[in-house]
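Data first, discussion second: the structure below is written as structure tokens.
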Amino acid sequence: MNLAFTAKGTTWDSNMDTRFGRTEYLLIYNDISKELSSYDNRESANYAHGAGPKTAQNLFELKADALITGNGPGGNAAAVMEKTGIDIYIGAGAKTVKEAYEAFQKGELIKV
Amino acid sequence: MKEIVVVSGKGGTGKTSITASFAVLGGKDIIVADCDVDAADMHLLLEPNYEISEEFHSGELAYINQNNCIQCGKCYDVCRFTAIEVTNGRHTVNALNCEGCGYCARVCPSDAIINKPQKVGQCFTSIIKTGSIMVHAKLGIGADNSGKLVAKVKNEAKEIANDELKEYILVDGSPGVGCPVVSSLSGADFVVLVTEPSVSGIHDLMRVYELVERFNIKTGCIINKFDINQGITNEIMDFLESKNIVHLKSIPYNEVFTEAMLLGKTIVELDNDPVKFQIMETWIKIKKTLKYL
């Protein structure tokens, strides 16, 4: 499974980015290969409008199965996420990526 | 550090009057972010000094290089915004009409058209009369607010709040339910809804709450001018209860809102007005609610 995180940096110790559409990076953790890779989302974050739907599309192209984030996407982005079938877990805004992953494993995050 | 975002959906409910009052009550514990950039007005009440100013670019505008232009008129034909003007056979772009879609540049056979980033306004970091800091912006004529600009104002405020170990960020949120308000709400810890008992007041309250609910953020509500229509106030109260929204305060109609505005002051700076004490109680209640989040 590919787990995606909205993050302010590219490592496990980076802080999570509470924002969805304008997150700086998307990190992808493959829990089979145990590899953490990163995608620079700053170009999409720079859109005047529609950053959310664009980021949702990026997640689809990155083959994410689930997303761990802060507040979650707004209306238009949520519609895209629903179509792509990516699960959304929220409530990890104030954590590091590592802490967010641990909270996800313990079932502490809210699925929307 | 907790981020409080104040939104209303409908204009004229008293959102900014109340937000500015909170900014004064919170004093140096607060970094203020004015994200109501379309009609920014916190600066009228909080006396910012415009200490740091930065140009803000968003979106693009078409630009025709006259040296390369062969005056074929293809750009004129495809532009849906009637932004290409022809004077004496010379093709130029009307900046107010151009939406920056790039269609003209795409069809131009002589590569004379490029899109250039558009300067839409300025972003400021100011010291305000409480001695604290406010991040705010000013848009150019005809420019519109965007999620990007709101994100910039908020991120800047957040950075300052983190660096200076401030307790709160207070955000005057954008109106409506579009991209800027989504951006205002993103990352918030607590949302304050300011509403009034009018048909559009309750309608827009419900509409904006749909968004807040999606983000799963703890919410409180202030019913301003509650006594102008007790029937709708009751409906609002039922709505708050059904959605588990904290009822923070009902404030009666009072002309002190306008009086304070005319003086360029916040209500809490006036002497002994009853509304002043109600706003003070509301601020204390918000702080208490935040402690238990």
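Checked against (1) within 13 Å of chain A (Cβ to nearest Cβ); (2) crowded, with 24+ Cβ neighbours inside 10 Å; (3) touching a residue at least 40 places away in the same chain (Cβ under 8 Å); (4) more than 17 Å from B:P48 (Cα to Cα), B:F190 meets all criteria but (2). The set of residues from segment B:102-111 being in a loop (DSSP other than H, G, I, E, B) and of a type in the set (D, E, K, R) comprises just one member, B:D111. Here B:S183 clears all of (1) crowded, with 24+ Cβ neighbours inside 10 Å; (2) more than 9 Å from every other protein chain (Cβ to nearest Cβ); (3) more than 25 Å from B:V24 (Cβ to Cβ) except the condition numbered (2). With respect to the numbered conditions (1) part of a loop (DSSP other than H, G, I, E, B); (2) within 14 Å of chain B (Cβ to nearest Cβ), which one is the sole condition not fulfilled by A:G107? The failed condition is (2). In this entry, A:G74 passes the filter for residues that are more than 13 Å from the chain's Cα centre (by Cα) and buried (at least 21 other Cβ atoms within 10 Å of the Cβ). Within the set A:K63, A:K83, A:K98, the sole residue that is in contact (Cβ under 8 Å) with a residue 60 or more places away in the chain, surrounded by fewer than 17 Cβ atoms within 10 Å (Cβ to Cβ) and in a helix (DSSP H, G or I) turns out to be A:K98.
Checking the structure you have, find out if any residue of segment B:16-25 is in contact (Cβ under 8 Å) with a residue 60 or more places away in the chain, under 21 Å from B:E281 (Cα atoms) and over 17 Å from the mean Cα position of the chain (by Cα). Let's see the steps before the verdict.
Residues of segment B:16-25 that are in contact (Cβ under 8 Å) with a residue 60 or more places away in the chain, as a first pass: B:16-25.
Pick out the ones that are also under 21 Å from B:E281 (Cα atoms) and you get B:16-25.
Applying the additional criterion that residues be over 17 Å from the mean Cα position of the chain (by Cα) yields B:24-25.
Yes, segment B:16-25 contains a residue that is in contact (Cβ under 8 Å) with a residue 60 or more places away in the chain, under 21 Å from B:E281 (Cα atoms) and over 17 Å from the mean Cα position of the chain (by Cα).
Among what's in segment A:11-37 and is part of a loop (DSSP other than H, G, I, E, B) and surrounded by fewer than 16 Cβ atoms within 10 Å (Cβ to Cβ), pick the residue that is nearest to the other protein chains (Cβ to nearest Cβ).
Within segment A:11-37, the first condition is being part of a loop (DSSP other than H, G, I, E, B), and the residues that meet it are A:11-14, A:17-24, A:31-34.
Next, only the ones that are surrounded by fewer than 16 Cβ atoms within 10 Å (Cβ to Cβ) stay: A:11, A:13, A:31-34.
On the way: A:T11: 19, A:D13: 17, A:D31: 25, A:I32: 30, A:S33: 31, A:K34: 30 Å.
Taking the candidates together, the pick is A:D13.
Out of the residues in segment B:196-217 that are in contact with a strand residue (DSSP E or B) (Cβ under 6 Å, 6 or more places away or on another chain) and over 23 Å from B:V153 (Cα atoms), state the one that is farthest from the other protein chains (Cβ to nearest Cβ). Within segment B:196-217, the match that is farthest from the other protein chains (Cβ to nearest Cβ) is B:E196. I'm checking my understanding of the structure. Among residues of segment A:87-101 that are among the aliphatic types (A, V, I, L, M) and within 14 Å of another protein chain (Cβ to nearest Cβ), which one is nearest to B:F215 (Cα to Cα)? Here the residue is A:I90. Taking (1) among the aliphatic types (A, V, I, L, M); (2) assigned by TED's automatic domain parsing to the domain that holds B:V268; (3) over 16 Å from the mean Cα position of the chain (by Cα) in turn, B:I52 satisfies each apart from (2). Being without any contact (Cβ under 8 Å) to a residue 60 or more places away in the chain, of a type outside the set (K, R), surrounded by fewer than 21 Cβ atoms within 10 Å (Cβ to Cβ) and away from chain A (no Cβ under 12 Å) narrows it down to one of B:G140, B:G178, B:G131, so name that one. Answer to the check: B:G140. Within segment B:219-237, one or more residues are over 25 Å from B:E47 (Cβ atoms) and within 14 Å of chain A (Cβ to nearest Cβ). Within segment A:28-56, how many residues are under 28 Å from B:V191 (Cβ atoms) and either within 11 Å of the chain's Cα centre (by Cα) or not hydrophobic (A, V, I, L, M, F, W, C) (or both)? Of the residues in segment A:28-56, 12 are under 28 Å from B:V191 (Cβ atoms) and either within 11 Å of the chain's Cα centre (by Cα) or not hydrophobic (A, V, I, L, M, F, W, C) (or both).
For segment A:38-60, the criterion of being surrounded by fewer than 16 Cβ atoms within 10 Å (Cβ to Cβ), assigned to a loop (DSSP other than H, G, I, E, B) and more than 10 Å from chain B (Cβ to nearest Cβ) is satisfied by no residue at all. Condition (residue is touching a strand residue (DSSP E or B) at 6+ places or on another chain (Cβ under 9 Å) and among the hydrophobic types (A, V, I, L, M, F, W, C)) applied to segment A:43-53: is it met by at least one residue? Scanning segment A:43-53 turns up at least one residue that is touching a strand residue (DSSP E or B) at 6+ places or on another chain (Cβ under 9 Å) and among the hydrophobic types (A, V, I, L, M, F, W, C).
The values are calculated or read from the model by the stated rules, or taken from the named source; none is laboratory data. Fair warning: this is a prediction, and the values are worked out from it, not measured in the lab. Cβ atoms come from the backbone with ideal geometry, glycine included; neighbour counts cover every protein chain shown.
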